[in-house]
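What follows is calculated from the coordinates using simple rules that are stated; it is not laboratory data. Note that the structure is a prediction, hence the values are computed from the model and not measured. Here Cβ is always computed from backbone atoms with ideal geometry, including for glycine, and neighbour counts include all displayed protein chains.
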Amino acid sequence: MKLVLCNLCLLLAMTIVAQKPNSIFNEKDLSGWTAHGTEKWYVEKGQLVCESGPDKQYGYLSTNKAYKNFILILQFKQEANGNSGVFFRSGIEGTKISGWQVEVAPVNHHTGGIYESYGRGWLVQPKAEDEKRLKPGKWNTLKIKVIGDEVTTWLNGHQMIHLNDEKIGKGEGFIALQIHDGGGIRIRWKNLTIEEL
């Protein structure tokens, strides 16, 4: 009986360890990530910073690893024009990205909504009353759950959208942070953790 209980406890402990979220940003440098474009990506005070570069074009910072089913939690703070996003199941050629973006943008510009780049465009936007969940100039917590063909996002603990999409379900690829074109953008990111499902 004791042996059975020990084995059950060991199995439970292994399951708990396997489900523990892992940091995907080491707070020191960009190890594990690849920059695309001429926009600026750097680490300052243990935080990841993205800024518009001299070309004022789109820029991306992608994980070197692909992720299929996961829960991603991160914090962001918009210090200037904050038009950005978090891509998932994505691929890239130069700075032309394919995949799906969870929007990170100023108030009333659909933070938490899902946009398909170079495809169908907006798939779902948050309700108008949910747009006020964004805290401009302050730290915000974004949670993204992607499993099969379902995507759910939360902003500061409030569910923003839930989407079922067959095309997303077939998608493969990395996670990437975006900096929008146009210039004048500066965003800070921290506490990026992922739990693979």
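Just to confirm my numbers, what's the Cα centroid distance between the stretch 168-197 and the stretch 52-86 in Å? Comparing the Cα centres of the stretch 168-197 and the stretch 52-86, I get a distance of 4 Å.
Counted by neighbouring Cβ atoms within 10 Å, the residues Tyr42, Tyr60 run from fewest to most as Tyr42, Tyr60.
Farthest towards the positive end of the charge dipole of the stretch 91-197, among the residues Ile168, Ile185, Ile144, is the Cα of Ile185, using unit charges on the Cβ of Lys, Arg, Asp and Glu.
Other residues whose C-beta falls under 11 angstrom from the C-beta of Gly171 contribute a net charge of -1, scoring Lys and Arg +1 and Asp and Glu -1.
Give me the net charge for the shell around Ile185: Cβ to Cβ below 15 angstrom, other residues only, Lys and Arg +1, Asp and Glu -1.
-1
Relative to the longest principal axis of the chain, what angle (0 to 90°, nearest 10) does the C-alpha long axis of helix 2-18 take? Approximately 0 degrees, to the nearest ten. Within the same chain, lysines fewer than 8 places from Lys190 are excluded, and of the rest, those with a Cα less than 17 Å from its Cα are Lys28, Lys40, Lys45, Lys77, Lys135, Lys138, Lys143.
Only counting other Cβ atoms within 10 Å, I'd like His158, His180 sorted with the fewest neighbours first.
Details: His158 13, His180 22.
Final ranking by Cβ density, sparse to dense: His158, His180.
What is the sum of charges, Lys and Arg at +1 and Asp and Glu at -1, for the other residues whose Cβ falls under 13 Å from the Cβ of Thr95? That sum, taken over residues with Cβ under 13 Å, equals -2.
Does the stretch 42-101 come out rounded, prolate or oblate, given a ≥ b ≥ c as the square roots of the eigenvalues of its C-alpha gyration tensor, rounded meaning a/c under 1.5 and, failing that, prolate meaning a/b above b/c? Taking the square roots of the gyration eigenvalues as a ≥ b ≥ c, the stretch 42-101 is oblate. The structure shown yields Cα Rg over 2.2 N^0.38 Å, and of the options [x] 1.08; [y] 1.58; [z] 1.26 that calculated value carries the label [x].
With only Lys, Arg, Asp and Glu charged, each at its Cβ (+1 for the first two, -1 for the last two), find how big the charge dipole of the stretch 23-196 is about the Cα centre; round to the nearest 20 debye.
The calculated dipole for the stretch 23-196 is roughly 380 debye.
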